[in-house]
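Asker: Structure incoming, see below.
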Amino acid sequence: EKSISGLVRHYQALAEREGFGVDLQLENSPVPEFLLPDVCLVLSNLLENAVEALRREGGGWICAKSISANGFLTIMVNNSSSTRLHWVNGRCLSSKAEGRFGVGLATVQDIAHKCGGQATFLADGNHFRAQVILSCSAPPCPMTAGDIAMTQAVTDHPAPLANRAHPK
């Protein structure tokens with residue numbers, strides 16, 4: 001799990017250098033070896049998007065945490081954001097290039113589905129929230145409605161993380 005630690009250190013240092021508030025709690029959840037490449041892709045996509053969004057906005061905060069429960073790994077990445085997501089035919093439009101579809105969020109969604117989970121994104125004009133659930137069983141099997149409800153119950157309390165005031 002040195003790869004996850006390396007990613008966390010990289011984005012922590014990058015955000016701090018840029019003057020952004022940052023709170024990354026991603027190293028305490030066990031990640032099965034077979035899932036490491038996918039977890040690293042998810043984290044790098046979401047954290048890179050968060051840093052780029054804060055650069056465009058001229059500051060803000062990033063919070064991320066992971067939770068392992070009931071055979072699933074849940075990754076949540078939140079950042080301040082004054083923009084909303086725009087969807088066309090189930091695909092998110094890029095905020096970097098007008099009229100193009102976003103590749104990063106589509107990649108995260110593809111990984112979540114491949115790993116027997118799901119990815120949800122919310123941008124309400126105050127913050128952006130990504131929640132990615134991955135199955136920790138090998139090979140991954142699709143999540144049942146009960147699994148989704150249980151994981152939602154465990155992770156549906158982002159308020160302390162997302163509403164924390166971060167100094168610039």
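Each reported figure results from applying straightforward, stated rules to the coordinates on display, with no laboratory input. Computed from a predicted structure; not experimentally measured. Cβ sites come from the backbone with ideal geometry, for glycine too, and all protein chains shown count toward neighbours.
Asker: Whole-Hz ³J(HN,Hα) for each residue in the stretch 57-67, computed from phi via Karplus 6.51 cos²θ - 1.76 cosθ + 1.60 with θ = phi - 60°, x for glycine and proline: what do you get?
Answerer: 8, x, x, x, 9, 10, 10, 8, 8, 10, 9
Asker: Further, regarding this structure: Fully extended, how many nm does the chain gain between residue 9 and residue 124 (0.36 nm per residue separation, minus their Cα-Cα distance)?
Answerer: Difference between extended and current length: 38.6 nm.
Asker: Can you compute 3J(HN,Hα) from phi for each residue in the stretch 19-29, using the Karplus curve 6.51 cos²θ - 1.76 cosθ + 1.60 with θ = phi - 60°, rounded to whole Hz and x for Gly and Pro?
Answerer: After applying 6.51 cos²θ - 1.76 cosθ + 1.60, I find x, 8, x, 9, 9, 10, 10, 10, 9, 9, 8 Hz.
Asker: Distance in nm between label sites at residue 44 and residue 23, each 7 Å beyond Cα in the beta-carbon direction?
Answerer: 2.8 nm
Asker: Fully extended, how many nm does the chain gain between residue 33 and residue 70 (0.36 nm per residue separation, minus their Cα-Cα distance)?
Answerer: Working it through step by step, the gained length comes to 11.6 nm.
Asker: Can you list residues from other chains, or at least 5 along the same chain, whose modelled amide H is less than 5 Å from the amide H of residue 136?
Answerer: HN-HN under 5 Å from residue 136: 72, 73.
Asker: Calculate one ³J(HN,Hα) per residue across the stretch 117-132 by plugging θ = phi - 60° into the Karplus curve 6.51 cos²θ - 1.76 cosθ + 1.60, and present them in order as whole Hz with x for glycine and proline.
Answerer: Residue by residue, the stretch 117-132 yields x, 7, 10, 10, 10, 9, 9, 10, x, 10, 8, 9, 10, 10, 10, 10 Hz.
Asker: Between residue 16 and residue 52, what is the spin-label point distance in nm, taking each point 7 Å from the Cα along the Cα→C-beta axis?
Answerer: 2.5 nm
Asker: Turning to a different aspect of this structure: For the stretch 12-86, with the dipole built from +1 on Lys and Arg beta-carbon atoms and -1 on Asp and Glu ones, taken about the Cα centre, which of 78, 14, 30 lies farthest toward the positive end?
Answerer: Working it through, the farthest residue towards the positive pole turns out to be 78.
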